Amino acid sequence: RTAFFDAQVTTALSTGIDQMVIIGAGYDGRALRFSQPGTRWFEVDHPATQPDKERRARASGANVADVVFLAIDLLGGDIADELHRAGHDRTRPSLFICEGLFSDLSNAAGQHLCERLRAASAPQSRFAASFLVGRIGHSSGAQRLFDRVLSSIGEPRLGRFSPGVAEAMVTKSGWRPVESSRSTSS
């Protein structure tokens, strides 16, 4: 999964996209690994996580001059408006990255997020996301264990996607799928 998202960043950079938005950034270091002059990074995460990451990044001496840390509750805030207030230019193309995020959101919240990101984007923007796809109601022992572990750390899997549902969500939001790599869980 990391290689896929890293490739999305390098492709975006090579095509002149200079605004990168990572939603659910957690402690991801992509903005530091792919930092280059003229590229602005917007890292969005929950208010309980984002201040700690920013503090740690600054304390480590990392160059975060081109990183905007946004603490947003995706279930309560409007990401399009918050990005705009933080200096994101919705008239210029961006790459929006949602790596591993949609399992943490209900399908309705995921749909809303896709729509608001589209509202914050210019033509030629790209949207890269991962979805855990499986047959609803059927899960392997490994998947049930994974779900129990997530629940035990307070992050139950809320988003559930049967084949075709994620693509429909993205399309309904106004994005045009151009690449899909399917890895399913059963």
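The values are calculated or read from the model by the stated rules, or taken from the named source; none is laboratory data. Note that the structure is a prediction, hence the values are computed from the model and not measured. Ligands, DNA and RNA are excluded from the accessible area calculation, which covers all protein heavy atoms including side chains. Shrake-Rupley method; radii C 1.70, N 1.55, O 1.52, S 1.80 Å.
Quick rundown of the values:
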| read-out | value |
| --- | --- |
| Amide H contacts under 5 Å for ALA129, placed H, 5+ residues apart | CYS98 |
| Kirkwood Rh in Å, taken over segment 1-106 so that all alpha-carbon pairs contribute | 14.1 Å |
| Long-range HN-HN contacts of LEU105 with modeled amide H, under 5 Å | LEU158, GLY159 |
| Solvent accessible area, Å² - HIS112, 1.4 Å probe, full protein context | 90 Å² |
| Segment 95-108 - phi-based ³J(HN,Hα) in whole Hz, Karplus 6.51/-1.76/1.60, Gly and Pro as x | 9, 9, 10, 10, 9, x, 7, 5, 5, 8, 10, 5, 4, 5 |
